[in-house]
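The values are calculated or read from the model by the stated rules, or taken from the named source; none is laboratory data. If you're wondering where the values come from, they're calculated on a predicted model, not measured in any experiment. Every residue, glycine as well, gets a Cβ built from its backbone with ideal geometry; the counts of neighbours run over all protein chains shown. Just so you know, the surface numbers come from the protein's heavy atoms only, side chains and all, with ligands and any DNA or RNA stripped out. Shrake-Rupley method; radii C 1.70, N 1.55, O 1.52, S 1.80 Å.
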Amino acid sequence: MAEEKDVLILAIESSCDETAASVVRNGREVLSNVISSQIELHKLYGGVVPEIASRKHIEKINQVIEEALTEASVTLDDLDAIGVTYGPGLVGALLVGVAEAKAIAYAKNLPLIGVHHIEGHISANYIENKELEPPFICLVVSGGHTHLVCVKGYGEYEIIGRTRDDAAGEAFDKVARAIGLGYPGGPKIDRLSKEGNPDAIVFPKAHISDAPYDFSFSGVKSAVLNFINGCNMKGEVYNNADIAASFQKAVTEVLVENAMKAVKEYGLSKFAIAGGVASNSTLRQAMKKACQEQGVEFYHPSSIYCTDNAAMIGVAAYYEYVKGTRHGWDLNAVPNLKLGER
Ligand code: KG4
Ligand code: ZN
């Protein structure tokens, strides 16, 4: 029997502040994963400035793609398809990746596959967990999204719950700013928490009565800000590490409780986390423990595949490629693209 030919996909990600390109073989093997981060630039402003992000993507994208091809030891002629994030995200930033992907696909007569950014985050779990296959429940926690998703099949998603206000990562970033840690706050709160007492301050955990899988993080964020203001007004000193640890505990507990409720309700034996906040050490430990207690297999990507990268887009693009998804030359950036929409 003839051996099946490898499928090589070049993937591009530029939805926020990382310009990234990757070559992925047969959906699960990452041959290269190049990320040019703009964090240092946006730090000056305390968050991502969309106009600056777009301009930097334009400057960096060709170089990043060339590096990804070189590192993978392939040329454009070896590729089978081009995958690209086309939403959700910052429109100007997305457009850079989409235009680049269209240009390469057109020039090389290759199939063009638009990928949903969240589908990418979820698919990051397939890279290092070769045995993982749907169905499973996935909690996607990033700077822009907090979604509890039932992954029914490759590219088949049911959104079970979502945040009603701030995303989990957004809450981390805002609390970090309030205690003077700077942007991006998630990793800094993660680190500082190790020196603090998670039971020092009781911050509220929001549960929404008619929607057990939804989240709300604006309350806990406001409670932290009120606590700091209260201390300042009374002239009381407060401990930043205790605030970080107590805030992190409140957020983690809600994420774990809702996620485990969903796993039980759907009767599935596999659970995964994804997105930037999925690299949080306390969240990982708490999820691992809760999964062990429920007899559920726990999956998570390495940190490099949690935050924005193009390898995850290449994985998602592969499964779309196999299903026959193809986009036309009219593919546009869709800043508020819904998961499961084409
Ligand atoms: O997935 P991502 O790179 O971008 C989006 O799609 O939004 O996620 C970035 C978010 C930021 O809010 C950042 O503070 C958060 O992920 N983050 C973390 C950690 N590492 C990154 N939050 C908590 N703990 C971490 N270790
Ligand atoms: Zn992301």
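Results for (1) crowded, with 21+ Cβ neighbours inside 10 Å; (2) more than 9 Å from ligand 1 (Cβ to nearest atom), shown as yes or no for each residue.
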residue	(1), (2)
HIS121	yes, no
ALA124	yes, yes
GLU128	no, yes
PHE136	yes, yes
SER142	yes, no
ILE160	yes, yes
ALA168	yes, no
VAL175	yes, yes
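Considering only residues that are open to solvent by less than 10 Å² (accessible area, probe 1.4 Å) and among the β-branched types (Val, Ile, Thr), look in segment 253-276 and name the one that is nearest to ASP17 (Cα to Cα).
Residue satisfying both the conditions and the ranking: ILE273.
Those residues that are assigned to a helix (DSSP H, G or I) and more than 16 Å from ligand 2 (Cβ to nearest atom), I need them from segment 160-206; list them, please.
Hits for segment 160-206 are LYS174, VAL175, ALA176, ARG177, ALA178, LYS188, ILE189, ASP190, ARG191, LEU192, SER193.
Only strands (runs of 3 or more DSSP E) wholly contained in segment 55-148 count here; list those with 3 or more residues that are over 20 Å from VAL322 (Cα atoms) and within 16 Å of ligand 2 (Cβ to nearest atom).
Here the list reads 136-141.
Taking the criterion of being touching an Asp or Glu at 6+ places or on another chain (Cβ under 6 Å), touching a residue at least 60 places away in the same chain (Cβ under 8 Å) and surrounded by 19 or more Cβ atoms within 10 Å (Cβ to Cβ), would at least one residue in segment 294-310 satisfy it?
yes
Here are some residues: GLU40, GLU59, GLU66, GLU71. Which one is in contact with a Ser or Thr (Cβ under 9 Å, 6 or more places away or on another chain), surrounded by fewer than 19 Cβ atoms within 10 Å (Cβ to Cβ) and without any contact (Cβ under 8 Å) to a residue 40 or more places away in the chain?
Checking each option against the conditions leaves just GLU59.
Residue-wise test of (1) touching a strand residue (DSSP E or B) at 6+ places or on another chain (Cβ under 9 Å); (2) modelled with pLDDT of 95 or more.
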site: ASN109; (1), (2): no, yes
site: GLY114; (1), (2): yes, yes
site: ASN125; (1), (2): yes, yes
site: VAL140; (1), (2): yes, yes
site: TYR157; (1), (2): yes, yes
site: THR163; (1), (2): yes, yes
site: PRO204; (1), (2): no, no
site: ASP214; (1), (2): yes, yes
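Of all residues in segment 1-52, count the ones that are more than 16 Å from ligand 2 (Cβ to nearest atom) and either of a type in the set (S, T, N, Q) or modelled with pLDDT of 95 or more (or both).
The number of residues fulfilling the criteria is 16.
Looking at TYR319, TYR305, can you tell me which residue is within 16 Å of ligand 2 (Cβ to nearest atom) and of a type in the set (Phe, Trp, Tyr)?
Answer to the selection: TYR305.
Could you check segment 228-258 and list, in sequence order, the residues that are away from ligand 1 (no atom under 16 Å from the Cβ) and under 19 Å from PRO212 (Cα atoms)?
Hits for segment 228-258 are GLU257, ASN258.
For every residue, the table says whether it meets (1) away from ligand 1 (no atom under 12 Å from the Cβ); (2) under 30 Å from TYR183 (Cβ atoms).
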position: TYR266; (1), (2): yes, no
position: GLY275; (1), (2): no, yes
position: ARG284; (1), (2): no, yes
position: MET287; (1), (2): yes, yes
position: GLU297; (1), (2): yes, no
position: TYR305; (1), (2): no, yes
position: ASP308; (1), (2): no, yes
